[in-house]
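**Student:** Take this structure first; my questions come after.
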Amino acid sequence: GYSNLTLQPEDSIFRLFGEFMADSSPDAINLSIGAYRGNDGKPWVLPVVKKAKEILLRDPQANHEYLPLEGLTSFNEAAAKLILGENSPAILEKRYAAVQTVSGTGANRIAAEFFAKFRPSATVYITNPTWGNHKKIFMAAGLPIIEYEYWNPKTRSINHAQVLATLKTALPGSIFLLHACAHNPTGLDPTHRQWQEIADIMESRNLNPFFDCAYQGFASGDLDTDAWAVRYFVVRGFNVICAQSFSKNFGLYAERTGCLVGIFGDEEVARMAKSQFAYLLRCSISHAPGFGANIVDIVFKNEALVREWKENLKEMSTRISQMREKVVQLLVELKTPGDWSHITSQIGMFSYTGLTMPQVAAIKMKFHVYMTDEGRASMAGLNEKNVENFAKAVDWVVRN
Ligand code: PMP
């Protein structure tokens with residue numbers, strides 16, 4: 001039986017992690033993984049999360065019952081307010097549907113299935129490059145995908161002209177997968193002016209925005225700044241679907257904490273959408289996991305903890321931008337050929353360095369620096385101990 005089975009090739013990012021783990025050099029630097037590290041190079045449990053865990057542990061009411069089908073209701077409401085803003089008309093007019101998902105990945109998947117069901121002839125437009133899982137998730141839901149150039153390798157900036165041209169010629173009714181902030185992997189977001197231009201064309205051509213928001217608060221250190229694009233589209237009157245992840249901004253990677261939020265024209269449509277989201281959850285995961293949602297919920301319900309969370313976010317984003325500045329400063333000191341200012345103009349977890357695949361392979365061999373093939377480096381993997389070696393590796397490889 002199963003004579004049709006073949007070996008599924010290993011995901012390159014997990015293969016790279018395996019190679020790093022097998023590397024015995026004390027100088028090995030892992031810049032492949034998209035998870036925050038402190039200046040000591042170790043995973044960081046947010047202090048606010050530690051406090052919330054203690055509160056949960058002491059709560060005599062806490063139990064291990066199933067959550068409702070839509071997930072933890074108060075968590076969902078708070079998640080919607082987080083992305084839309086407390087006083088968003090969509091919140092006040094109850095024009096939104098929010099359900100708890102298996103983190104950002106699960107929110108993407110439920111959104112993909114929702115589109116497959118209610119926009120069955122739509123094509124999904126994704127940026128090239130994008131987060132490696134986008135294509136897989138939307139293909140798995142049976143939706144046709146078109147990639148368009150987002151990164152201009154010559155200028156190491158957004159190919160905004162191509163973005164606009166793609167919008168102008170896209171099939172009507174198409175879905176555009178947009179990164180709410182800190183585009184993965186390039187770290188480059190449109191300016192407000194550019195978002196406006198994008199929205200203008202999308203509005204006139206009846207295109208559907210789908211936002212993937214995996215870095216709110218983690219990117220700039222400010223929750224409102226990072227939510228700007230989503231809020232702008234909502235204010236302009238679009239039906240917006242948004243996938244939220246709490247992996248990065250709460251450091252809850254393994255707890256799989258996420259939310260799918262849809263904003264619609266009126267309360268009735270939102271109610272129907274929510275019932276459909278819940279149905280799609282029922283036939284995939286039944287009930288979302290409780291622990292991470294409870295932790296986030298405890299923080300959201302306590303003003304002092306929210307303040308502390310914001311400080312924790314600042315700490316992470318500040319450390320990352322300091323590492324960006326340090327890399328650029330070291331490359332300037334080394335008189336490394338080329339302009340490296342894109343490293344500090346990019347935001348979020350990653351820098352899209354512009355190094356080529358052979359260069360990435362060469363610095364892995366010689367300097368034990370692990371980055372993904374396309375030259376993406378997690379800035380969170382850098383710290384005061386290893387940043388000089390990283391800069392030296394880059395300097396060496398561009399000269400050779
Ligand atoms: N979308 C983007 C753009 C991401 O970078 C990530 C995390 N790497 C996710 C979604 C989802 O992550 P998770 O499922 O851990 O929330």
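**Student:** Please enumerate the residues belonging to the range 78-126 that are among the charged types (D, E, K, R) and either crowded, with 20+ Cβ neighbours inside 10 Å or part of a strand (DSSP E or B) (or both).
**Tutor:** If the condition is that a residue be among the charged types (D, E, K, R) and either crowded, with 20+ Cβ neighbours inside 10 Å or part of a strand (DSSP E or B) (or both), then Arg95, Arg109, Glu113 are the ones that fit.
**Student:** Test of understanding: among Thr130, Thr123, Thr101, which residue is farther than 25 Å from Arg205 by Cα and touching a residue at least 24 places away in the same chain (Cβ under 8 Å)?
**Tutor:** None of the others qualify; the one that does is Thr101.
**Student:** Turning to a different aspect of this structure: Which of (1) closer than 30 Å to Phe17 by Cβ; (2) touching a Phe, Trp or Tyr at 6+ places or on another chain (Cβ under 7 Å); (3) not basic (Lys, Arg) does Val261 not meet, given it meets every other one?
**Tutor:** Among (1) closer than 30 Å to Phe17 by Cβ; (2) touching a Phe, Trp or Tyr at 6+ places or on another chain (Cβ under 7 Å); (3) not basic (Lys, Arg), Val261 violates only (1).
**Student:** Still on this structure, please answer the following. Given the conditions (1) out of contact with any His (no Cβ under 8 Å at 6 or more places or on another chain); (2) within 16 Å of the ligand (Cβ to nearest atom), report the number of the one that Glu93 does not fulfil.
**Tutor:** Only one criterion in (1) out of contact with any His (no Cβ under 8 Å at 6 or more places or on another chain); (2) within 16 Å of the ligand (Cβ to nearest atom) is unmet by Glu93, namely (2).
**Student:** Would you be able to tell me the number of residues in the range 1-31 that are at pLDDT below 95 and within 16 Å of the ligand (Cβ to nearest atom)?
**Tutor:** 6
**Student:** May I ask you to verify whether Ala377 is modelled with pLDDT of 95 or more, under 14 Å from Ile29 (Cβ atoms) and not in a helix (DSSP H, G or I)?
**Tutor:** For Ala377, the condition - modelled with pLDDT of 95 or more, under 14 Å from Ile29 (Cβ atoms) and not in a helix (DSSP H, G or I) - is met.
**Student:** Condition (residue is farther than 21 Å from Val306 by Cα and of a type in the set (A, V, I, L, M, F, W, C)) applied to the range 89-96: is it met by at least one residue?
**Tutor:** yes
**Student:** Kindly indicate whether any position in the range 330-341 is closer than 28 Å to Thr105 by Cβ and modelled with pLDDT of 95 or more.
**Tutor:** No.
**Student:** Return the pair list, or none, for Cβ contacts closer than 7 Å from residues in the range 194-213 that are in the same structural domain as Ile158 (by TED's automatic domain parsing) and farther than 26 Å from Phe246 by Cβ to residues that are within 16 Å of the ligand (Cβ to nearest atom) and part of a strand (DSSP E or B), at least 6 apart or on different chains.
**Tutor:** Pairs that qualify, where the first residue is in the same structural domain as Ile158 (by TED's automatic domain parsing) and farther than 26 Å from Phe246 by Cβ and the partner is within 16 Å of the ligand (Cβ to nearest atom) and part of a strand (DSSP E or B), are Met202/Phe176; Met202/Pro209; Leu207/Phe176.
**Student:** Can you list the helices (runs of 4 or more DSSP H) lying wholly within the range 249-352 that have 3 or more residues being surrounded by 21 or more Cβ atoms within 10 Å (Cβ to Cβ)?
**Tutor:** Output list reads 267-282, 291-300, 303-333.
**Student:** For the range 233-248, which residues satisfy the criterion of being touching a strand residue (DSSP E or B) at 6+ places or on another chain (Cβ under 8 Å), outside any loop (DSSP other than H, G, I, E, B) and surrounded by fewer than 24 Cβ atoms within 10 Å (Cβ to Cβ)?
**Tutor:** Across the range 233-248, the qualifying residue is only Phe233.
**Student:** Okay, next question. Please find, among Thr127, Thr101, Thr105, Thr73, the residue that is of a type in the set (Val, Ile, Thr), within 12 Å of the ligand (Cβ to nearest atom), at pLDDT 95 or above and farther than 30 Å from Ser157 by Cβ.
**Tutor:** After ruling out the rest, the residue left standing is Thr101.
**Student:** Considering only residues of the range 215-253 that are over 22 Å from Asn87 (Cα atoms) and aliphatic (A, V, I, L, M), which is farthest from the ligand (Cβ to nearest atom)?
**Tutor:** Result: Ala219.
**Student:** Would you point out the residue of the range 369-384, among those that are in contact with a Ser or Thr (Cβ under 9 Å, 6 or more places away or on another chain) and surrounded by 20 or more Cβ atoms within 10 Å (Cβ to Cβ), that is farthest from Phe14 (Cα to Cα)?
**Tutor:** Met379
**Student:** With the condition being within 16 Å of the ligand (Cβ to nearest atom) and within 22 Å of the chain's Cα centre (by Cα), I'd like the helices (runs of 4 or more DSSP H) fully within the range 131-211 carrying at least 1 qualifying residues.
**Tutor:** Once the helices (runs of 4 or more DSSP H) in the range 131-211 are filtered for at least 1 residues that are within 16 Å of the ligand (Cβ to nearest atom) and within 22 Å of the chain's Cα centre (by Cα), what remains is 132-140.
**Student:** Go through (1) within 16 Å of the ligand (Cβ to nearest atom); (2) among the basic types (Lys, Arg); (3) under 28 Å from Gln322 (Cα atoms) for Arg256 and report which single condition fails.
**Tutor:** (3) is the only condition that Arg256 fails.
**Student:** What are the pairs with Cβ atoms under 7 angstrom where one residue, in the range 229-247, is hydroxyl-bearing (Ser, Thr, Tyr) and the other, located anywhere, is away from the ligand (no atom under 11 Å from the Cβ)? Sequence gap at least six, or different chains.
**Tutor:** These pairs meet every condition: Tyr232/Trp195; Tyr232/Ala199.
The values are calculated or read from the model by the stated rules, or taken from the named source; none is laboratory data. The shown structure was predicted, so the numbers you read here are calculated from the model rather than taken from an experiment. Please note: Cβ atoms are built from the backbone with ideal geometry, for glycine as well, and neighbour counts cover all protein chains shown.
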